Amino acid sequence: AQSVTQLDSQVPVFEEAPVELRCNYSSSVSVYLFWYVQYPNQGLQLLLKYLSGSTLVKGINGFEAEFNKSQTSFHLRKPSVHISDTAEYFCAVGGGATNKLIFGTGTLLAVQP
Amino acid sequence: DTAVSQTPKYLVTQMGNDKSIKCEQNLGHDTMYWYKQDSKKFLKIMFSYNNKELIINETVPNRFSPKSPDKAHLNLHINSLELGDSAVYFCASSHETGVNSPLHFGNGTRLTVT
């Protein structure tokens, strides 16, 4: 069965600092990987996705993620964060025999001035 | 123009009542979903419909009954509400059924059962 692990429940960071949000998955087959962002009192929005091809994926708002098959990771990065990036970030995996998207438990990115 | 809209935004009700949440998408997508997000932010799929046909039905109590009158609408009816039903319920849609098709979420309905 597929699973997703987001080890950090909360990541505090100062404005304009770089950030990495970690995501590891387990799957025995090829997967599709996603990062979604949830701002307070809103639904989730797609940040970026990896379906195939280049392992470095660029998304909206200056975020990018790198698919690393050997380490089964899909970490999200941004070189310089803004206060407005404060939100909950969810990693998700799908593919193989399942037709369901499995979400991680989320990481709260808290950007401080 | 809201892509996926759900109503109401907030729903406060007592145990034992029956309530409905409505969802509509104007994206022309074929597939719609209901997700439940608990107090710890854990997000889990409940149901999915493709062009009015049920395709995913997770281990959800049969007090929850989805209804899709057409492919642009997916409503959720809940009978005999319990305290544990308190959560945020998200409607979502996608262009296709496959998991490689990104999801578009509504803003959620916060259900509080007292």
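Taking amide H positions as placed in the peptide plane 1.01 Å from N, state which residues far from A:Leu108 in sequence (5 or more) or on other chains have amide H under 5 Å from it.
A:Gln10, A:Val11, A:Tyr89
Percent of accessible area on chain B owned by carbon and sulfur, 1.4 Å probe?
Result for chain B: 48 percent of the exposed heavy-atom area is carbon or sulfur.
Cα convex hull of the protein assembly as shown: how many Å³ per residue?
So the per-residue Cα hull volume is 125 Å³.
Past the 23 Å Cα-Cα mark, which pairs from A:Lys100/B:Lys52; A:Lys49/B:Lys22; B:Lys41/B:Lys67; A:Lys69/A:Lys100?
A:Lys49/B:Lys22; B:Lys41/B:Lys67, as the Cα separations exceed 23 Å there.
Under the Karplus relation 6.51 cos²θ - 1.76 cosθ + 1.60, θ = phi - 60°, what is the ordered set of whole-Hz ³J(HN,Hα) values for segment B:18-31, x standing for Gly and Pro?
10, 9, 10, 10, 10, 9, 9, 10, 10, 8, x, 6, 8, 10
Rolling a 1.4 angstrom probe over the protein heavy atoms, how many square angstrom per residue are accessible across the protein assembly as shown?
48
Which one, B:Ile21, B:Ile56, B:Ile45, has the greatest fluctuation when you compute a Gaussian network model over chain B with C-alpha springs under 10 angstrom?
Of B:Ile21, B:Ile56, B:Ile45, the most mobile in the Gaussian network model is B:Ile56.
Where in chain A lies the longest segment free of GluC sites (Glu not before Pro) that are both loop residues by DSSP (not H, G, I, E, B) and have at most 15 other Cβ atoms within 10 Å?
A:17-113
What's log10 of I(q)/I(0) for chain B at q = 0.14, 0.23 Å⁻¹, Debye sum over Cα points only, no solvent?
Computed log10 I(q)/I(0) values: -0.51, -1.35.
Calculate the spin-label point distance for A:Asn68 paired with B:Thr114, positioning each point 7 Å from the Cα along the beta-carbon direction, and give it in nanometres.
The answer from the label model is 5.0 nm.
Per residue and in cubic angstrom, what volume does the convex hull of the Cα atoms of segment A:17-113 have?
Each residue corresponds to 96 Å³ of Cα convex hull volume.
Using 7 Å Cα-to-Cβ label points, what is the A:Thr55/B:Asp18 separation (nm, one decimal)?
Modelled inter-label distance: 5.5 nm.
Which value, in debye to the nearest 20, gives the size of the charge dipole of segment B:10-105 about its Cα centre, when Lys and Arg are +1 and Asp and Glu are -1 at the Cβ?
180
What's the buried accessible area, both sides, between A and B using a 1.4 Å probe, rounded to 100 Å²?
It comes to approximately 1700 Å² buried between A and B.
What is the distance in Å between the Cα centroid of segment A:27-58 and that of segment B:3-39?
Their Cα centres are 23 Å away from one another.
The values are calculated or read from the model by the stated rules, or taken from the named source; none is laboratory data. All of these numbers come straight from a predicted model, not from anything done at the bench. We place every Cβ from the backbone using ideal geometry, glycine too, and count neighbours over all the protein chains shown. For accessibility, only protein heavy atoms count, side chains too; no ligands or nucleic acids. Shrake-Rupley method; radii C 1.70, N 1.55, O 1.52, S 1.80 Å.
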